[in-house]
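The values are calculated or read from the model by the stated rules, or taken from the named source; none is laboratory data. Predicted model only: the values in this text are computed from it and were never measured. Cβ placement follows ideal geometry from the backbone for every residue including glycine, while neighbour counts extend to all protein chains displayed. Calculation scope for accessible area: heavy atoms of the full protein, side chains included, ligands and nucleic acids excluded. Shrake-Rupley method; radii C 1.70, N 1.55, O 1.52, S 1.80 Å.
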Amino acid sequence: MSDKRYLVLAEGKSGDPHYGKTARGVMRYAPEKVAALLDTERAGETEHGFPVVGSVNDALCFNPTTALVGVATAGGRFPPAFREQIRSCISKGLDVENGLHEFLTNDADLVELARRHGVELRDLRKPPPDLNVPTGENLEVPAKIVLTVGSDCAIGKMTVALELDREAKGRAVASEFVPTGQTGIAIAGWGISVDAVVADFIAGAAERLVVEGHRRGGELLIVEGQGSLLHPHYSGVTLGLFHGSAPHLLVLCHEAGQRYVNDDERYPIPPLRELADLHERTSLIARPARVACIALNTRRLDEDAARRAIEAAEDEAGLPAGDPVRFGAERLTAALLAD
């Protein structure tokens, strides 16, 4: 819906860059969809220019159409306060979109409440029921496919993909951001959350996504990466997405100065050149991929240190490097388009 307006449910996390990732992502990359945020701890304040309210009633004057669960929670489940807010949203006639692992559509009471009020419950992580293994159509998509990959989780793979897509569109390139997680789906309005797909079908889901991205007009498909090949918990999702999307090019994301995966000394992060080689060796045999550039997350550094870190990353990897959020995506986008 082009006229969708979100009331973002962000109780206690509206200013949190990690647990409020969905809220912050939508505010930054789909601000036209945001009406207000609900966070009783910050009622009357603003966040990124959007009003923060203390109740669903207080939000109605901003004309929301849909409530979006904008936070991550422990175990992906709803705390009691959230459940009450969702019931209130439904009672006020708002659709509800949810990106947690606990599905609203599995809750009989909420489903009945939604039916009575004529609203829709949408679980963004709920995969399509007809997924299967890849067919090989991923190798026939007439578009350049780019995948963001990383040295760890939660270092900005989605953000980098969105910044590259924005820059490419600014150059009149027919670019399409391909969402693979709940925040990306909320921003773009389509996609599959691959971390909720049965393991055997992750590659098939990724294939379907790149086919759909081209159907939507994309000649440059920038696929949102998930997990990390280095991560002891989430490497399986990463590999399925990698092989199923069949990228031509990779953007390697890394947080400046980080030495260990998840800050766990048992899992050291190798030098960037070795990490690039690992990804290239792991790519699909039928579609060898090349790392085109390094996206460096410099959020913990001051500006001078950030520029030095980028220069050091370029020297270490022998590839163009930059922080697309802090310094713009021009250099990295140029590296993708030059291939």
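General remarks:
- Rounded tilt (10° steps) of 272-282 against the dominant C-alpha axis of the chain: 80 degrees
- A probe of 1.4 angstrom, applied to the heavy atoms of all protein chains, finds Lys126 with accessible area near 90 square angstrom.
- Whether the range 262-339 is rounded, prolate or oblate, judged on the alpha carbon gyration tensor where a/c under 1.5 counts as rounded: oblate
- Extension gain, Glu120-Tyr260: 0.36 nm per intervening residue step, less the Cα-Cα distance, totals 46.1 nm.
- Each peptide among 315-321, 94-100 gets the average number of other Cβ atoms lying within 10 Å of its residues, and from highest to lowest they stand as 94-100, 315-321.
- Under 5 Å between amide hydrogens, built in the peptide plane, is the criterion, and for Lys92 it picks out nothing among residues at least 5 positions away or on other chains.
- Based on C-alpha pairs under 8 angstrom that are at least 6 apart in sequence, the chain has a relative contact order of 14 percent.
- Total formal charge among the other residues, if their Cβ is under 12 angstrom from that of Lys169, Lys/Arg +1 and Asp/Glu -1: -3
- Computed helical MRE - 222 nm, the chain, DSSP H runs ≥ 4 contributing -39500 (n - 2.57), nearest 500: -10500 deg cm²/dmol
- For the range 83-89, putting each phi into the Karplus relation 6.51 cos²θ - 1.76 cosθ + 1.60 with θ = phi - 60° gives couplings of 4, 5, 5, 5, 4, 5, 4 Hz, in residue order, rounded to whole numbers and with x for Gly and Pro.
- Coupling constants for the range 298-304 follow from the phi torsions by the Karplus curve (6.51 cos²θ - 1.76 cosθ + 1.60, θ = phi - 60°), and in residue order they are 10, 4, 8, 10, 6, 4, 5 Hz; glycine and proline get x.
- The Cα-based radius of gyration of the chain, divided by its Kirkwood radius, gives an Rg/Rh of 0.97.
- Considering the range 26-160, its Cα convex hull presents a mean projected area of 11.4 nm².
- The C-alpha atoms of the chain define a longest principal axis, and helix 157-170 lies at about 80 degrees to it.
- Cut-off 13 Å between beta-carbons: net charge of the residues surrounding Ala338, Lys and Arg +1, Asp and Glu -1: +2
- Among 40-49, 6-15, the order from most to least packed when residues are scored by Cβ within 10 Å on average: 6-15, 40-49
- Along the range 316-329 the Karplus relation, 6.51 cos²θ - 1.76 cosθ + 1.60 evaluated at θ = phi - 60°, assigns HN-Hα couplings of 5, 8, x, 9, x, 9, x, 10, x, 6, 7, 10, x, 9 Hz to successive residues, with x for each Gly and Pro.
- Ranked by how many other beta carbons lie within 10 Å on average, peptides 299-312, 209-222 from highest: 209-222, 299-312
- Surface composition of the chain: carbon and sulfur atoms hold 49% of the protein heavy-atom accessible area at a 1.4 Å probe.
- Accessible area per residue, Å², the range 141-261 with all protein chains present, probe 1.4 Å: 31 Å²
- Residues whose amide H lies under 5 Å from that of Gly15, counting only those 5 or more places away or on a different chain, are absent; hydrogens are built 1.01 Å from N in the peptide plane.
- The range 103-212 shape via C-alpha gyration tensor axes, a/c threshold 1.5: prolate
- Long-range HN-HN contacts of Arg290 with modeled amide H, under 5 Å: Leu249, Leu250
- Each of Asp3 and Arg216 was given a label point 7 Å from its Cα along the Cα-to-Cβ line. The distance between the two points is 2.2 nm.
- Over the range 56-114, all Cα pairs binned in 5 Å intervals from 0 give whole-percent P(r) values of 4, 18, 32, 26, 14, 6, 1, listed from short to long.
- Only lysine pairs 8 or more places apart or on separate chains count here, and in the chain those with Cα atoms under 20 Å apart total 13.
- Virtual spin-label span in nm between Glu303 and Glu330, 7 Å along Cα→Cβ: 1.6 nm
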